[in-house]
Amino acid sequence: MLRQTIKMFSHKVLVRRKQPEILIIGGGAAGIAAAQRLYANGFTRVKIIEAEKRLGGRIRTIRFGGNDIDLGAHWVHGEEKNVVNEMAGPKDLLEHSGDFNDVNFVFSDGTEMKPDLGMMLFEQATNLLEDVDTLSKSEGSVLNYINDRVKPILFQALPSDKLEAFYNWLVNYECSVEGCDFLEDASAKGLAHYQICAGDLLISWKKGGYHSIIEMLLSQFYKDNITSTVDDTIILNCEVSQLDWTGMGVLAKCNNGKVYYGDNAIVTVSLGVLKERSKTLFDPPLPDYKRKAIAGLGIGTVNKIYLQFPYTWWPKDSSGFSLLWLPGQKVLQKGEYPWELEIIGFYPEKRAVNMLSVWLIGKAAKDMEGYSDEQVKAGCYRVLKKFLSFKFTIPEPIDIVRSSWYSNPHFRGSYSYRSINSDGLGVTAADLAKPLKNHFGKEVLLFAGEATHSSFYSTVHGAIESGWREADRLTEIYHFDKLNEITKSNL
């Protein structure tokens with residue numbers, strides 16, 4: 001009954017009392033979702049402070065070659081209990097991508113694995129990596145798990161040279177799924193924490209790209225804002241250098257010299273930024289358990305390269321080409337770049353014209369960021385010709401665009417994973433998400449973002465839910481406080 005009463009009068013209570021000022025550090029999916037929910041719940045004094053010149057965070061949709069291209073978040077993973085699908089699906093913005101339905105596995109000598117065999121092994125490996133019961137009882141890394149559970153299947157199906165080639169590709173591919181630089185760093189037991197949303201796991205956007213979900217959240221944000229000052233609440237190109245929470249509230253001190261006050265702050269920056277800057281970002285320093293959580297949870301780098309061609313030279317219905325290096329052939333030649341040898345594959349963008357995407361992980365992804373566009377284009381073209389010129393006449397790419405999630409100081413990585421280190425330290429997403437109280441016992445620092453979600457980490461739907469979670473936390477705090485004041489005044 002008490003909670004029902006609070007919910008009934010919550011909006012009126014917040015409007016009548018002195019409105020708390022809320023700062024949101026970061027304008028990605030979590031930050032915008034938090035702002036949208038706060039306004040819906042009656043808060044009117046909210047500021048989003050974003051270091052980039054744009055909103056979206058690790059969602060970044062650009063126009064390239066006349067198409068909407070996503071440099072960050074790519075697919076909507078699942079249909080049931082996925083807030084992105086729940087928001088965008090009824091608006092007919094999504095469709096089943098069909099990606100990875102029929103991939104060609106190509107060896108470095110130009111030969112191909114039998115299509116049925118390659119896809120069968122890929123599906124069997126994927127199924128084993130989604131076996132939550134077995135994963136939850138596992139000790140060690142995801143690499144250990146693959147060696148114990150997946151490699152025996154490969155032994156039965158492939159000769160030794162091709163087994164090694166497929167195994168090495170699978171390890172790199174799984175790194176791109178988990179978001180880790182090295183699969184030996186990812187925890188098998190931690191992987192069981194991830195909750196798969198039922199339904200198609202590779203849903204794509206018909207048009208507009210992933211930024212469509214940002215626009216949907218913003219449209220609700222503007223609609224729910226009961227003041228006329230929304231434009232003043234979104235501050236772009238403003239990097240926060242320090243969050244001072246020594247007093248009753250939080251002071252966000254920015255590199256441009258500006259200072260913003262909040263009664264509370266929701267911190268939504270990436271785990272990569274927290275790893276790099278947490279020692280200097282917070283005053284007073286974070287407590288030990290929070291520092292351990294930041295150190296223990298993992299974040300890696302996954303980058304994409306988009307190549308535009310003068311025409312489509314690959315089969316119309318192809319799902320792309322995964323590259324399998326045979327033993328002894330993965331040798332760097334004069335004029336080549338080290339990252340070239342780690343390309344996972346070339347995959348058509350089915351909603352784009354004459355375009356292939358290229359995927360890189362870990363050290364190779366970081367290394368690639370340091371090369372020029374022309375060098376990256378030339379490197380990709382060399383690899384394409386090495387693997388596929390036996391079968392296709394391949395024209396040179398005419399344009400290129402790529403992501404650089406590691407070298408950007410506002411991200412320092414792509415998405416989070418549960419690591420062997422987090423197992424050893426005994427830390428979880430709940431430790432990262434736990435709000436911090438100041439010396440007066442007031443919860444002033446709150447944390448959101450995909451890495452703080454216990455089961456949907458590494459996803460956009462997890463980021464959105466985490467923003468809503470912290471907005472609801474503040475709503476409950478301020479509504480309970482006001483109800484207590486009203487109750488005391490009537491005694």
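The values are calculated or read from the model by the stated rules, or taken from the named source; none is laboratory data. Note that the structure is predicted; figures quoted are calculated from it, not measured. As a convention, Cβ positions derive from the backbone with ideal geometry for all residues, glycine included, and neighbour counts pool all protein chains shown. Calculation scope for accessible area: heavy atoms of the full protein, side chains included, ligands and nucleic acids excluded. Shrake-Rupley method; radii C 1.70, N 1.55, O 1.52, S 1.80 Å.
Helix-only arithmetic for the chain: the sum of -39500 (n - 2.57) across DSSP H runs with n ≥ 4, divided by the residue total, places the mean residue ellipticity at 222 nm at -11500 deg cm²/dmol.
Cα axis of helix 2-16 to longest principal axis of the chain: angle in degrees, 0 to 90, nearest 10? That helix lies at roughly 80 degrees to the long axis. Between helix 373-388 and the chain, what is the angle of the helix's C-alpha long axis to the longest principal axis, kept within 0 to 90° and rounded to the nearest 10? Result, in degrees: 40. Exposure check, 1.4 Å probe, all protein chains in place: L271 carries approximately 0 Å² of accessible surface.
Give me the extension gain from K81 to K385: residue separation times 0.36 nm, minus the current Cα-Cα distance, reported in nm with one decimal.
Values: separation 304, 0.36 × 304 = 109.44 nm, distance 4.28 nm.
Length gained between K81 and K385: 105.2 nm.
What's the center-to-center distance, using Cα atoms, between the stretch 320-365 and the stretch 132-170 in Å? Going from one Cα centre to the other spans 22 Å.
Normalised by the number of residues in the chain, the mean separation of alpha-carbon contacts (under 8 Å, six or more apart) gives a relative contact order of 25 percent. Only protein heavy atoms count here; under a 1.4 Å probe, D133 has an accessible surface of about 110 Å². Here the simple spin-label model places points 7 Å from the Cα toward Cβ, and for K363 and D116 these points are separated by 4.0 nm.
For the set S278, S407, solvent exposure ranked by accessible area (probe 1.4 Å, protein chains only) runs largest to smallest as S407, S278.
Mean sequence separation of contacting Cα pairs (under 8 Å, at least six apart), scaled by the length of the stretch 61-220, corresponds to a relative contact order of 42 percent. For F105, the residues 5 or more places off, or on other chains, whose built amide H falls under 5 Å of its own are M113, S322. For the stretch 309-387, how big is the tail of P(r) above 18 Å, as a whole percent of Cα pairs? Percent of Cα pairs beyond 18 Å in the stretch 309-387: 43.
Ordered from highest to lowest accessible area with the whole protein assembly present and a 1.4 Å probe, K434, K18 read as K18, K434.
The loop-placed GluC sites (Glu not before Pro) in the stretch 14-87, going by DSSP, that have at most 16 neighbouring Cβ atoms within 10 Å of their Cβ come out as E80. Comparing Cα centroids, the stretch 60-88 and the stretch 237-311 end up 24 angstrom apart.
Find the relative contact order for the stretch 276-348 and round it to a whole percent, using C-alpha pairs within less than 8 Å whose residues are 6+ positions apart.
On the way: 24 pairs, mean separation 19.6, N = 73.
Reported relative contact order: 27 percent.
In the chain, the longest principal axis of the Cα atoms and the axis of helix 460-489 are about 10 degrees apart.
Taking all protein chains as they are arranged and a probe of 1.4 Å, the heavy atoms of I299 leave approximately 30 Å² accessible to solvent.
The structure-derived value of Rg and Dmax of the Cα atoms in Å appears in the list [x] 42.9, 163; [y] 24.0, 87; [z] 28.8, 107 under the label [y]. Here the label points at S136 and E276, each 7 Å from Cα along the C-beta direction, are separated by 3.7 nm in the simple model. Run through the stretch 307-371 and list the GluC sites (Glu not before Pro) located in a DSSP loop whose Cβ has at most 15 other Cβ atoms within 10 Å. Sparse-neighbourhood loop GluC sites (Glu not before Pro): E336.
For the stretch 282-366, what does the accessible surface come to per residue with a 1.4 Å probe? Please give it in Å². Working shown, then result.
Numbers: 3170 Å² over 85 residues.
Dividing the accessible area of the stretch 282-366 by its residue count gives 37 Å².
In this structure, K18 and E443 have a Cβ-Cβ separation that, at R0 = 30 Å, corresponds to a calculated FRET efficiency of about 0.95.
Length gained on full extension, E336 to S407, computed as 0.36 nm times the residue gap minus the Cα-Cα distance: 23.4 nm. Packing order of peptides 167-176, 354-363, 421-430, 310-319, highest average first: 354-363, 167-176, 421-430, 310-319 (average count of other Cβ atoms within 10 Å over each peptide's residues).
Once you have the Cα-Cα distance between E123 and D232, take 0.36 nm times their residue separation minus that, and quote the gain in nm to one decimal. Intermediate results must be reported in sequence, preceding the final value.
Numbers: separation 109, 0.36 × 109 = 39.24 nm, distance 4.98 nm.
Extending this stretch completely gives an extra 34.3 nm.
Summarising the label geometry, the points placed 7 Å from Cα in the beta-carbon direction at E396 and T246 lie 6.0 nm from one another.
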